[in-house]
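Asks: Before I ask anything, here is the structure I am working with.
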Amino acid sequence: MTATEAPPEAATRSRVFGTRVLRKEDPALLSGEARYTDDLAIPGALHMAVVRSPYAHARITAIDLAGALAMPGVVAAFTGTDLLDDWAQPMPMAWPVTDDLKNPPHYPLTPDIARFSGDGVAVVVAESMELARDALEAVVVDYEPLDPVVTVEDGVTDRVLVHDDAGTNKAYTWELKIGEDAVEQAFATAAHTVKERFVQQRLVPMAMEPRASAAIPQPVGGEVTLYSATQIPHILKIFTALTLGIPEHHVRVIAPSVGGGFGSKLEVYQEELLCVALARRLGKPVRWVEERSENAHATIQGRAQIQDVELAADENGKLLAVRVNLTADMGAYLMLITPGIPLLGAFLYAGVYDLPQAYSFTCTGVFTNLTPTDAYRGAGRPEATYAIERAMDRLAQTMGIDPVELRRRNFVKADQFPYTAFSGLVYDSADHEATLATALELAGYDGLRAEQASRRDSGSTRHLGIGVSTYFEMCGLAPSRVLASLNYSAGGWEAATVRILPTNKVQVVTGCSPHGQGHVTSWSMIAADRLGVDPDDVDVLHSDTALSPAGLDTYGSRSLAVGGIAVYQALDRVIDKAKTIAAHMMECAEADLDFENGTFSVRGSPDRELPLAAVAFAAFTAHDLPDGVEPSLEASSVYDPPNFSWPNGCHICVVEVDEETGAVDVLKYVAVDDCGNRLNPMIVEGQVHGGVVQGLAQALYEEAVYDEHGNLTTATLADYLVPAAPDVPSITTGATVTPSPTNPLGVKGIGEAGAIGSTPAVINAIVDALSPLGVTDVEMPASPLRVWSTIQAAQTAATGGAR
């Protein structure tokens with residue numbers, strides 16, 4: 001299906017849907033007018049700093065705060081034991097994926113044992129941030145070092161226990177087994193099988209804005225306002241109340257401008273809770289801002305899995321069964337949704353392929369003495385796509401066929417949608433053939449293969465590689481009933497309210513909380529399109545639980561497909577009410593009224609019109625409303641989707657690999673994505689570009705490296721490599737559009753797509769380039785040294801050890 005930029009029902013009325021409207025958010029961001037948490041002027045605020053363990057595993061035998069308390073400007077200092085009575089319960093974990101899940105208590109400051117390097121053991125509060133940080137040096141902590149667990153392979157042996165009371169390092173084992181006998185039969189009789197192990201390295205999310213929090217207590221009444229650089233103000237409000245034993249209606253959470261999150265701010269953090277607890281203790285505002293190296297240790301990390309993947313296929317390469325065993329690194333504690341992250345990909349290890357009911361998935365979550373893991377852009381979906389797409393390339397290599405041809409033989413066909421998968425989940429819409437064809441054309445695939453063959457014939461040591469990756473993304477994190485079946489503690493709905501003010505300006509209140517996605521622009525476009533107003537006449541209120549009391553926030557590519565539909569439905573309800581008032585004013589039946597471009601008109605009498613502005617003012621004055629109709633034009637909606645949304649796509653990466661140095665140069669990158677109808681193509685492309693860069697970063701640059709003692713050796717940007725602009729290739733984007741049939745706008749998510757499709761495309765390209773040298777895999781990140789070492793190992797193996 002070719003790209004269309006508006007939902008089918010909007011074809012005759014659309015004015016802004018599908019257009020490249022400039023982001024309304026950007027002037028404030030570019031001019032410095034935007035205010036982040038650390039920018040806020042808070043009179044009388046005290047500053048908090050955290051004493052963190054230098055050991056990955058150590059018993060705390062004594063803490064002496066006297067030196068810090070004696071320093072000028074220091075107001076207070078506390079240990080974990082001092083604050084135990086401040087907590088009504090341990091820190092929250094909202095996804096108990098199994099009934100026997102091991103979830104040892106986790107407090108904002110550990111009272112007894114430090115379980116990762118960076119674990120908080122004490123806090124200092126002072127009159128300035130500089131004084132607080134200086135005072136950390138005066139806190140004396142006596143540690144008894146313990147043997148650390150720094151790999152999941154070590155963790156599963158239970159040689160050393162991270163949590164003694166748990167009795168094991170295995171937090172849980174979760175299984176999805178469909179057609180167990182069919183799986184065994186397929187592998188026993190398949191013409192082709194592949195078995196691969198892939199490693200998803202640890203990643204530091206590295207948002208541009210480090211975390212920051214500020215808690216302001218009210219002098220009477222017990223209320224507290226928490227400002228935080230968070231993705232989840234509504235969820236944070238609930239868990240702040242529960243953890244500290246504060247009535248929920250006494251807690252207000254505000255997320256000011258937030259400088260990126262990528263899942264790392266989808267969290268209830270120790271420092272947020274500490275700020276609130278200390279503000280209540282001291283009766284003064286308490287604030288905290290993270291340093292960059294502190295961010296590397298104390299903010300959650302992502303990925304961290306070992307994937308054992310097996311495919312069985314017939315003589316033509318048609319998939320017969322998939323078997324997956326994951327070992328997932330939980331880190332030292334279970335954070336908000338840590339256990340569920342690997343399971344977000346559990347249904348996707350068959351990718352975009354038509355698999356019979358023969359699927360086996362097992363995931364074991366393992367504690368280690370490393371920084372806790374949790375959501376990072378894509379959260380389980382990139383890992384699943386990487387595994388199946390790398391395995392498909394390996395299967396194609398084993399069979400000696402083009403990896404594109406293998407994919408074509410296995411695609412779910414366009415006429416099979418809506419497609420009920422082996423898991424029982426229903427994939428809403430896609431046209432994988434069209435998406436692949438568009439990507440191949442944009443990349444110039446046939447020409448690239450010809451050039452590759454020519455280089456190989458010439459004996460060139462600069463090898464050309466072409467990598468293909470296709471994906472499905474299960475996003476929206478809804479419906480609520482499905483989440484309940486997965487033991488998730490919250491729902492998947494989203495809320496919105498629309499008000500048309502007396503002067504015909506519009507307020508949209510959303511439960512979504514933006515941090516770079518363009519919600520203000522997008523919601524303004526939806527409202528402008530439905531109401532016939534200018535997008536600049538729409539104000540979007542968000543990220544403040546007092547202004548927007550209902551919501552479930554932003555993550556999982558859910559905003560447009562869930563929150564945007566809540567806005568759309570609220571708009572429809574406002575229009576319905578306005579139609580009732582307009583019919584009364586025009587003395588006609590509601591059924592005879594049409595509404596288009598901001599005007600009500602009587603069907604068959606085009607000269608009889610009434611602008612929405614007149615209805616809005618009449619609703620405000622309430623001088624002559626129909627009986628039973630309340631004043632004002634306002635309506636709300638809470639939308640719980642009937643299904644996940646299923647964006648999909650095909651990415652192609654072209655690389656040149658220098659055999660002599662291992663250097664990888666990305667020559668071309670093509671991303672063709674299907675996110676349904678595109679509300680604002682410019683925002684879509686921006687989201688894809690950002691995701692692709694993060695996927696490239698995982699493939700080529702980024703890795704959180706720990707030594708044998710559990711010390712993070714890549715804690716600064718001098719050691720942790722993040723690609724800069726010169727490292728990023730030009731990205732060619734394309735689109736196919738198959739509107740989702742599950743929502744009235746026909747939209748799907750897009751925020752994580754680039755990070756899902758890109759990483760396997762890059763590694764597939766590198767392996768494709770080096771396949772004549774006997775290379776079948778390159779671990780990430782594919783640094784020049786790692787690539788060169790892989791080449792040397794392959795050549796040594798090919799010559800039986802003789803070089």
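Asks: In the stretch 731-757, what count of residues is obtained for those that are in contact with a Leu (Cβ under 6 Å, 6 or more places away or on another chain) and surrounded by 24 or more Cβ atoms within 10 Å (Cβ to Cβ)? Outline the logic, then answer.
Replies: Initial filter on the stretch 731-757 (in contact with a Leu (Cβ under 6 Å, 6 or more places away or on another chain)): 732, 734, 747.
Those still in the list that are surrounded by 24 or more Cβ atoms within 10 Å (Cβ to Cβ) too: 747.
Residues meeting the conditions: 1.
Asks: On to the next question. List the helices (runs of 4 or more DSSP H) that sit entirely inside the stretch 370-472 and contain at least 2 residues that are among the hydrophobic types (A, V, I, L, M, F, W, C), free of Cβ contacts under 8 Å to residues at least 12 places away in the same chain and open to solvent by 10 Å² or more (accessible area, probe 1.4 Å). Spell out how you get there, then give the answer.
Replies: Values: elements: 381-399, 403-410, 432-443, 445-458.
Here the list reads 445-458.
Asks: Could you grab me the full set of residues in the stretch 525-572 that are surrounded by 22 or more Cβ atoms within 10 Å (Cβ to Cβ), in a loop (DSSP other than H, G, I, E, B) and of a type in the set (Asp, Glu)?
Replies: ASP553
Asks: From the list PRO111, PRO92, which one is in contact (Cβ under 8 Å) with a residue 24 or more places away in the chain, surrounded by fewer than 21 Cβ atoms within 10 Å (Cβ to Cβ) and within 24 Å of GLU267 (Cβ to Cβ)? So that I can check it myself, show each step before the final result.
Replies: Values: PRO92 fails: surrounded by fewer than 21 Cβ atoms within 10 Å (Cβ to Cβ).
Step by step, each of PRO111, PRO92 is checked, and only PRO111 is in contact (Cβ under 8 Å) with a residue 24 or more places away in the chain, surrounded by fewer than 21 Cβ atoms within 10 Å (Cβ to Cβ) and within 24 Å of GLU267 (Cβ to Cβ).
Asks: A further question on this structure: Condition test on ALA578, is it open to solvent by less than 10 Å² (accessible area, probe 1.4 Å) and either in contact (Cβ under 8 Å) with a residue 60 or more places away in the chain or not polar (S, T, N, Q) (or both)? Full working, then the answer.
Replies: On the way: open to solvent by less than 10 Å² (accessible area, probe 1.4 Å): yes; either in contact (Cβ under 8 Å) with a residue 60 or more places away in the chain or not polar (S, T, N, Q) (or both): yes.
Yes: the conditions hold for ALA578.
Asks: Also: Just one of SER485, SER522 is of a type in the set (Gly, Ala, Ser) and in contact (Cβ under 8 Å) with a residue 40 or more places away in the chain; which is it?
Replies: Numbers: SER485 fails: in contact (Cβ under 8 Å) with a residue 40 or more places away in the chain.
Every option except SER522 fails the conditions.
Asks: Follow-up question, since we're still on this one. Assuming ILE341 fulfils every condition listed in (1) within 26 Å of the chain's Cα centre (by Cα); (2) on the phi < 0 side of the Ramachandran plot; (3) touching a residue at least 40 places away in the same chain (Cβ under 8 Å) apart from one, which condition is it?
Replies: If we test ILE341 against (1) within 26 Å of the chain's Cα centre (by Cα); (2) on the phi < 0 side of the Ramachandran plot; (3) touching a residue at least 40 places away in the same chain (Cβ under 8 Å), just (3) comes out false.
Condition check ((1) assigned to a helix (DSSP H, G or I); (2) under 38 Å from the mean Cα position of the chain (by Cα); (3) not polar (S, T, N, Q)) across all residues:
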site	(1), (2), (3)
ILE575	yes, yes, yes
ILE581	yes, no, yes
HIS584	yes, no, yes
ALA591	yes, no, yes
LEU610	no, no, yes
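Asks: Among the residues of the stretch 702-724, are any in contact with a helix residue (DSSP H, G or I) (Cβ under 6 Å, 6 or more places away or on another chain), surrounded by fewer than 17 Cβ atoms within 10 Å (Cβ to Cβ) and in contact (Cβ under 8 Å) with a residue 12 or more places away in the chain?
Replies: Scanning the stretch 702-724, I find at least one residue that is in contact with a helix residue (DSSP H, G or I) (Cβ under 6 Å, 6 or more places away or on another chain), surrounded by fewer than 17 Cβ atoms within 10 Å (Cβ to Cβ) and in contact (Cβ under 8 Å) with a residue 12 or more places away in the chain, so the answer is yes.
Asks: Still on this structure, please answer the following. Select from the stretch 594-608 the residues that are in contact with a strand residue (DSSP E or B) (Cβ under 7 Å, 6 or more places away or on another chain) and not in a strand (DSSP E or B) and write down the one among them that is most open to solvent (accessible area, probe 1.4 Å).
Replies: ARG603
Asks: Just to be sure before I move on: is ARG303 touching a helix residue (DSSP H, G or I) at 6+ places or on another chain (Cβ under 6 Å), basic (Lys, Arg) and either within 30 Å of PRO403 (Cβ to Cβ) or open to solvent by 10 Å² or more (accessible area, probe 1.4 Å) (or both) in the structure I sent? Write out each step before concluding.
Replies: Numbers: touching a helix residue (DSSP H, G or I) at 6+ places or on another chain (Cβ under 6 Å): no; basic (Lys, Arg): yes; either within 30 Å of PRO403 (Cβ to Cβ) or open to solvent by 10 Å² or more (accessible area, probe 1.4 Å) (or both): yes.
Criteria not met by ARG303.
Asks: Right, something else. How many residues are in a loop (DSSP other than H, G, I, E, B), open to solvent by 40 Å² or more (accessible area, probe 1.4 Å) and in contact (Cβ under 8 Å) with a residue 24 or more places away in the chain if we restrict to the stretch 620-638?
Replies: Residues that pass the stated criteria total 2.
Asks: For the subset of the stretch 246-285 comprising residues that are surrounded by fewer than 24 Cβ atoms within 10 Å (Cβ to Cβ) and of a type in the set (Lys, Arg), which member is farthest from ILE337 (Cα to Cα)?
Replies: Only one residue fits best here, namely LYS284.
Asks: Let me ask something additional. Could you check, for the stretch 193-208, whether at least one of its residues is of a type in the set (A, V, I, L, M, F, W, C), assigned to a strand (DSSP E or B), within 25 Å of ILE756 (Cα to Cα) and open to solvent by 30 Å² or more (accessible area, probe 1.4 Å)? Break it down into steps so the answer makes sense when it comes.
Replies: Filtering the stretch 193-208 for residues of a type in the set (A, V, I, L, M, F, W, C) gives 194, 198-199, 203-204, 206-208.
Remaining after also requiring assigned to a strand (DSSP E or B): 194, 198-199, 203.
Add one more test, that the residue is within 25 Å of ILE756 (Cα to Cα), and what stays is 194, 198-199, 203.
Those left that are additionally open to solvent by 30 Å² or more (accessible area, probe 1.4 Å): 199.
Yes, because at least one residue in the stretch 193-208 is of a type in the set (A, V, I, L, M, F, W, C), assigned to a strand (DSSP E or B), within 25 Å of ILE756 (Cα to Cα) and open to solvent by 30 Å² or more (accessible area, probe 1.4 Å).
Asks: Okay, next question. Take GLU656 and decide whether it is more than 30 Å from ALA496 (Cβ to Cβ), of a type in the set (Asp, Glu), touching a residue at least 24 places away in the same chain (Cβ under 8 Å) and assigned to a loop (DSSP other than H, G, I, E, B). Quick ask: steps written out before the conclusion?
Replies: On the way: more than 30 Å from ALA496 (Cβ to Cβ): yes; of a type in the set (Asp, Glu): yes; touching a residue at least 24 places away in the same chain (Cβ under 8 Å): yes; assigned to a loop (DSSP other than H, G, I, E, B): no.
Spelling it out, it is not the case that GLU656 is more than 30 Å from ALA496 (Cβ to Cβ), of a type in the set (Asp, Glu), touching a residue at least 24 places away in the same chain (Cβ under 8 Å) and assigned to a loop (DSSP other than H, G, I, E, B).
Asks: Has the stretch 663-685 got any residue that is within 22 Å of PRO210 (Cβ to Cβ), touching a residue at least 40 places away in the same chain (Cβ under 8 Å), open to solvent by 10 Å² or more (accessible area, probe 1.4 Å) and assigned to a helix (DSSP H, G or I)? If you could, list the steps in order and put the result at the bottom.
Replies: Here is the first cut: in the stretch 663-685, the ones within 22 Å of PRO210 (Cβ to Cβ) are none.
No, the stretch 663-685 has no match at all.
The values are calculated or read from the model by the stated rules, or taken from the named source; none is laboratory data. All values reported here derive from a predicted model rather than from experimental measurement. Every residue, glycine as well, gets a Cβ built from its backbone with ideal geometry; the counts of neighbours run over all protein chains shown. We work out accessible area using only protein heavy atoms, side chains counted, and drop any ligands, DNA or RNA first. Shrake-Rupley method; radii C 1.70, N 1.55, O 1.52, S 1.80 Å.
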